[in-house]
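Heads up: the structure comes next, in structure tokens.
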Amino acid sequence: MDEQDDHENSGAKEASRAPKQARSLARYNKLLDAAHELLQTLSPQDLGVYVVAKHAGVPPASAYHLFPTPTAIVGALASRYQAVIEDQVAAAQAPADGMWQTLLKAHMAGLVATYNGNLPMMKVMVGTHSRYARNRDGEFFMDGLARALAQVGATFFHMPMVKGAHERFLVLLGLIDSVWALSFSRHGRITREYELEAAAAAVAYCRTFLPEYLELRS
């Protein structure tokens, strides 16, 4: 199978696990760093294992041992980026006006700034198959982010019982991702106009299962 053909079947594949042995771990991270650098100019679909190995100065045989396919590299990068995103979500501050709408918009604005400042992350995480692939623990990336958002909401507010809450957050993330992906495909970044459109859509959708006002936790 050609390296590029593997991208077409990426949804069912998992990211490679980081090795525990120090030397292998160093090569693993060196390859991911090289892939990140290459994505400044390449698309994820053009990211071949041999190309990454050459850029990293790692023997191709070692690279293929750690990452048998291009999808494994992209999946591992997505896992790395996902950790950054989830840490950012978890570091949220309580909204000054006590409104969940403000908290949601602040989350989105922070992520937009992160994506616009990191082109490789944008290419991998916004509107691509990697957002719906599984990470190294076998979990869908969107599931992890949905859980992180729900946890932040529960940290600051007395959240009501919502039937199918996790699925609701997944739909929310899908709506946001679709608008951001449209902006990226048209403009190469998430523009302010599309940022506001995504925020409006997100708040409107949340109002279908959340009340306008939530009680803040003391």
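Each reported figure results from applying straightforward, stated rules to the coordinates on display, with no laboratory input. None of these values were measured; they are calculated from a predicted model. We place every Cβ from the backbone using ideal geometry, glycine too, and count neighbours over all the protein chains shown.
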- [ ] List every residue whose amide H lies under 5 Å from the amide H of PHE157, counting only residues 5 or more places away in sequence or on a different chain, with H placed 1.01 Å from N in the peptide plane.
- [x] ARG217
Task: Residues MET125, MET161, MET108, sorted so that the one with the fewest Cβ neighbours within 10 Å comes first - done: MET161, MET108, MET125
Task: About the Cα centre, charge dipole magnitude for the range 78-206 (Lys/Arg +1, Asp/Glu -1 at Cβ), debye - done: 240
Task: In sequence order, calculated HN-Hα J values of the range 63-71 (Karplus, 6.51, -1.76, 1.60; Hz; x Gly/Pro) - done: 5, 5, 5, 7, 9, x, 9, x, 4
Open item on the list: Under a Cβ-only charge scheme (Lys and Arg +1, Asp and Glu -1), can you give me the dipole magnitude of the chain about the Cα centre, in debye to the nearest 20?
Closed with: 460
Task: Helix-only [θ]222 nm of the chain, DSSP H runs n ≥ 4, -39500 (n - 2.57) each, per residue, nearest 500 - done: -19500 deg cm²/dmol
Task: Farthest positive-ward along the chain dipole, Cα basis, beta-carbon charges - from LEU103, VAL58, VAL179 - done: VAL58
- [ ] Estimate the FRET efficiency between ALA96 and THR155 by the formula 1/(1 + (r/R0)^6), using the beta-carbon distance for r and 22 Å for R0, to the nearest 0.05.
- [x] 0.90
Open item on the list: With just the Cα atoms defining each centre, how far is the range 66-99 from the range 153-218? Give it in Å.
Closed with: 17
Open item on the list: Ignoring chymotrypsin sites (Phe, Trp or Tyr not before Pro) that are buried or in helix or strand per DSSP, and keeping those with at most 15 other beta carbon atoms within 10 Å, what is the longest stretch of the chain between them?
Closed with: 1-208
Task: the chain - percent relative contact order, Cα under 8 Å, separation 6 or more - done: 22
